1. When SER119 is evaluated against the numbered criteria (1) buried (at least 21 other Cβ atoms within 10 Å of the Cβ); (2) in a loop (DSSP other than H, G, I, E, B); (3) modelled with pLDDT of 95 or more, which criterion, by number, is the only one it fails?
2. Give region 88-108 a look and list any residue that's part of a loop (DSSP other than H, G, I, E, B) and surrounded by 12 or more Cβ atoms within 10 Å (Cβ to Cβ), or say none.
3. Name the residues in region 122-138 that are surrounded by 19 or more Cβ atoms within 10 Å (Cβ to Cβ), among the aromatic types (Phe, Trp, Tyr) and over 23 Å from GLU74 (Cα atoms), would you?
4. Search region 46-80 for residues being more than 24 Å from GLY100 (Cβ to Cβ) and assigned to a loop (DSSP other than H, G, I, E, B), and hand back the single one that is modelled with the lowest pLDDT.
5. How many of the residues in region 141-172 are among the hydroxyl-bearing types (Ser, Thr, Tyr) and more than 16 Å from TRP125 (Cβ to Cβ)?
6. Do you know which residues across region 140-170 are assigned to a loop (DSSP other than H, G, I, E, B) and surrounded by 15 or more Cβ atoms within 10 Å (Cβ to Cβ)?
7. Could you please find all residues in region 32-45 being touching an Asp or Glu at 6+ places or on another chain (Cβ under 7 Å) and in a loop (DSSP other than H, G, I, E, B)?
8. On the given criteria, is ARG83 surrounded by fewer than 16 Cβ atoms within 10 Å (Cβ to Cβ) and part of a strand (DSSP E or B)?
Amino acid sequence: MLEGSGGPCTPHRGLFAPAVRGNSVLMQPLSSAEMEGLRWTKGPEAHSYRLESGKDPLATLRWEKPVETVAVAEAAGVKWTLRRHGFLRPIVAVNEAETGRPVAELHVHLNNSLVQLPSGALYRWTRTGFWVPAWEVQTTTGRELVDFEPVREEARLAGGLVSVSAEGRGDPNLLLLLVLGWYFIVQAWTEDEAVAASRAILDAATDAASG
């Protein structure tokens, strides 16, 4: 299991209203996007999210089913699949959708994990909050590149605020880090909800049996 969301997040309204379904939208290249005000919002399809800058869509992330670990990410010029393997020491693998070529792996270990690329590039993925479960992508020496702050509405994950440091804006793997980080957060949140639901059912059954 991925380390989960845990704890409350500050609710925001308006910014994270689900996108309206419509015709395919041309996504803008990340290189031409305004980095201030980046956010992940609910997409127009079920089990999907969209990375936006202002009104410009930059990337999408979609699961076929909420309980699956396989997702598809699309952005200008790229299409990746993301899949989690393992349980005690899970690995999230990112591959090119058409060729299957490895793009990156996230090796999950408690609250400090490691992103590895075939080129040899390394990044730290670390939790920076407890009550507010923020996450960061950092350099291996601890310099912040990307910060994610999940946002809830009535206990549901509504989206996330994203901030990118000056160093992060110049990183050639920024799009990958933005997508991989959000995949991790959504997957962890979904698993936490499933565990909570199972616990509630078990508690109710126990109460009924002892009543």
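1. It fails just one condition, (1).
2. Let us first name the residues in region 88-108 that are part of a loop (DSSP other than H, G, I, E, B), namely 88-90, 97-101, 108.
Once the filter is applied, which keeps residues that are part of a loop (DSSP other than H, G, I, E, B) and surrounded by 12 or more Cβ atoms within 10 Å (Cβ to Cβ), region 88-108 yields PRO90, ALA97, VAL108.
3. none
4. Checking each candidate, the answer is PRO66.
5. Our first condition is that a residue be among the hydroxyl-bearing types (Ser, Thr, Tyr); within region 141-172, this holds for 141, 163, 165.
From what's left, more than 16 Å from TRP125 (Cβ to Cβ): none.
Result for region 141-172: 0.
6. Applying the first criterion (assigned to a loop (DSSP other than H, G, I, E, B)) to region 140-170 yields 140-143, 154-155, 165, 170.
SER165, the sole residue that qualifies.
7. Matches in region 32-45: ALA33 only.
8. Working: surrounded by fewer than 16 Cβ atoms within 10 Å (Cβ to Cβ): yes; part of a strand (DSSP E or B): yes.
Yes, satisfied.
The values are calculated or read from the model by the stated rules, or taken from the named source; none is laboratory data. Worth saying up front: this structure is predicted, and the values here are computed from it rather than measured. Ideal geometry is used to build each Cβ from the backbone, glycine not excepted, and the neighbour counts take in all protein chains shown.
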